[in-house]
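A.B. asks: A single structure is presented below for examination.
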Amino acid sequence: MSTKLLLNPQSAAFTMARNAKRLTHPIAVVLLSFVIVASCILLAETVAATIQPALMDMEEFLAQQPTIYSAFAKLLNLWILNIPIFFLIWCWLAGFERRPFRTLGFAGKGGFSGYLTGLFIGLLMMSAMIGLTVVANVGSFVSASGPMEGMQALGGIIWVWFGWMVQASAEETLYRGWMLQTISIRSNPWTGVVVSSVCFAAVHSLNNGFSPLVLSNLVLFGLFLALYRIADGTLWGVCAWHTIWNWALGNLYGADVSGSPPQGGRLFHITIAGPDWLTGGPFGLEGSVLTTVVFLIGIACVSVWLRKKQRKESRILRQ
């Protein structure tokens, strides 16, 4: 089966977007995506500066409950930064493309089961990455200690989940929802997959510890989720996958993120030490060659899933 057929333009992932009265030009989509992200960052910084005194008072008030304060601060940060993404995309869809927000991939049946499947696959892949660090002798679990670790931090760990849920879903709506859909229809699916993945990687290039290996992993991250989204047909699965991937790395398994302990607490605590190509260096495990292996396997598996789905759809169309 050719790569062209593997990404069928008539896939369910793109169907509902065709109801738009006009679709944004691919170049405009790319430019607008950066404008949306930059606008949300500026807004978040402005709001953060405004509420900083109140947060300092809250930190003092909750001095005996550092996990709760840390989780609340992280939750608030993720919400302020990412909720406007939903609003700006909704405004563009309603005002320019003239189509409902749900056409991005939130319509149809199977949303709940798709979300659960995404959670399972995301946790499985993150667990595989953590397992590889232990096998490679660069990761080892240590006993939980202090109020920010173990069961005593469970409240904060659960709270911060809702922050990651909004953050991950906002990014998926922007890149694997609007950008992937629109560019795929206006150009072709492979262009949509590649461009959305590269733009996703570019936005994260300002993170601490960025390197060529980090860049390749971010592109693979985007490629995997783009193919997953097309195979699944909705955004629910990739939203769930992205949420649990971010949450499990720091708050479940306890890996440091960019050299700092995860906000909101961690249930377990894994320490990572070794060469940068195995540990990811300052960027963290997502910049490791072990993550590269996990994503390459994930892309291979989702490609098989997508191939089977496209063959089934082709048989139905021929009947």
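The values are calculated or read from the model by the stated rules, or taken from the named source; none is laboratory data. Note that the structure is predicted; figures quoted are calculated from it, not measured. Note that we place each Cβ from the backbone using ideal geometry, even for glycine, and neighbour counts take in every protein chain shown.
A.B. asks: Of the residues that make up segment 38-59, is at least one in contact (Cβ under 8 Å) with a residue 60 or more places away in the chain and polar (S, T, N, Q)? Steps first, please.
C.D. replies: We begin by selecting, within segment 38-59, every residue in contact (Cβ under 8 Å) with a residue 60 or more places away in the chain; these are none.
The answer is no, given that none of the residues of segment 38-59 is in contact (Cβ under 8 Å) with a residue 60 or more places away in the chain and polar (S, T, N, Q).
A.B. asks: Return the residues of segment 124-133 that are touching a residue at least 24 places away in the same chain (Cβ under 8 Å) and loosely packed, with under 15 Cβ neighbours inside 10 Å; say none if nothing qualifies.
C.D. replies: Within segment 124-133, just S127 meets the criteria.
A.B. asks: Can we say A153 is at pLDDT below 95, touching a helix residue (DSSP H, G or I) at 6+ places or on another chain (Cβ under 9 Å) and assigned to a helix (DSSP H, G or I)? Spell out the reasoning first.
C.D. replies: Numbers: at pLDDT below 95: yes; touching a helix residue (DSSP H, G or I) at 6+ places or on another chain (Cβ under 9 Å): yes; assigned to a helix (DSSP H, G or I): yes.
Answer is yes for this residue.
A.B. asks: Then there is this: Taking segment 118-132, which residues are out of contact with any helix residue (DSSP H, G or I) (no Cβ under 6 Å at 6 or more places or on another chain) and either outside any helix (DSSP H, G or I) or more than 27 Å from L81 (Cβ to Cβ) (or both)?
C.D. replies: Of everything in segment 118-132, those that are out of contact with any helix residue (DSSP H, G or I) (no Cβ under 6 Å at 6 or more places or on another chain) and either outside any helix (DSSP H, G or I) or more than 27 Å from L81 (Cβ to Cβ) (or both) turn out to be F120, L124, S127, G131.
A.B. asks: Within the set of pairs 6 or more residues apart or between chains, which connect a residue that is on the phi > 0 side of the Ramachandran plot inside segment 134-163 to a residue that is at pLDDT 95 or above and loosely packed, with under 12 Cβ neighbours inside 10 Å with Cβ atoms less than 6 Å apart?
C.D. replies: Final answer for the pair search is none.
A.B. asks: Follow-up. When you scan segment 60-76, how many residues do you find that are assigned to a helix (DSSP H, G or I), surrounded by fewer than 18 Cβ atoms within 10 Å (Cβ to Cβ) and either touching a residue at least 40 places away in the same chain (Cβ under 8 Å) or not acidic (D, E) (or both)?
C.D. replies: Quick first cut of segment 60-76, residues assigned to a helix (DSSP H, G or I) only: 60-61, 66-76.
Next, only the ones that are surrounded by fewer than 18 Cβ atoms within 10 Å (Cβ to Cβ) stay: 60-61, 66, 76.
Of the ones still in play, those that are also either touching a residue at least 40 places away in the same chain (Cβ under 8 Å) or not acidic (D, E) (or both) are 61, 66, 76.
Final tally of qualifying residues: 3.
A.B. asks: Within segment 255-266, work out how many residues are surrounded by fewer than 18 Cβ atoms within 10 Å (Cβ to Cβ) and either at pLDDT 95 or above or basic (K, R) (or both).
C.D. replies: Looking only at that region, the number is 0.
A.B. asks: Sticking with this structure for a sec: I want to confirm something. Restricting to segment 269-289 and keeping residues that are hydrophobic (A, V, I, L, M, F, W, C) and buried (at least 22 other Cβ atoms within 10 Å of the Cβ), which single residue is modelled with the highest pLDDT? Show your work before the answer.
C.D. replies: Here is the first cut: in segment 269-289, the residues hydrophobic (A, V, I, L, M, F, W, C) are 270, 272-273, 277-278, 283, 285, 289.
Restricting the remaining residues to those that are buried (at least 22 other Cβ atoms within 10 Å of the Cβ) gives 283, 285.
Values: F283: 91, L285: 94.
That would be L285.
A.B. asks: Take the conditions farther than 30 Å from T271 by Cβ and modelled with pLDDT of 95 or more and apply them to S187. Does it pass? Give the steps one after another, and end with the answer.
C.D. replies: Values: farther than 30 Å from T271 by Cβ: yes; modelled with pLDDT of 95 or more: no.
No; evaluated as a whole, the condition is false for this residue.
A.B. asks: Checking G108 against (1) surrounded by 14 or more Cβ atoms within 10 Å (Cβ to Cβ); (2) part of a helix (DSSP H, G or I); (3) not hydrophobic (A, V, I, L, M, F, W, C), only one condition comes out false. Which one?
C.D. replies: Looking at each condition in turn, G108 falls short on (2).
A.B. asks: Additional query: Can you name the condition, by its number, that G254 falls short on among (1) touching a strand residue (DSSP E or B) at 6+ places or on another chain (Cβ under 6 Å); (2) assigned to a helix (DSSP H, G or I)?
C.D. replies: Here G254 meets the rest and fails (2).
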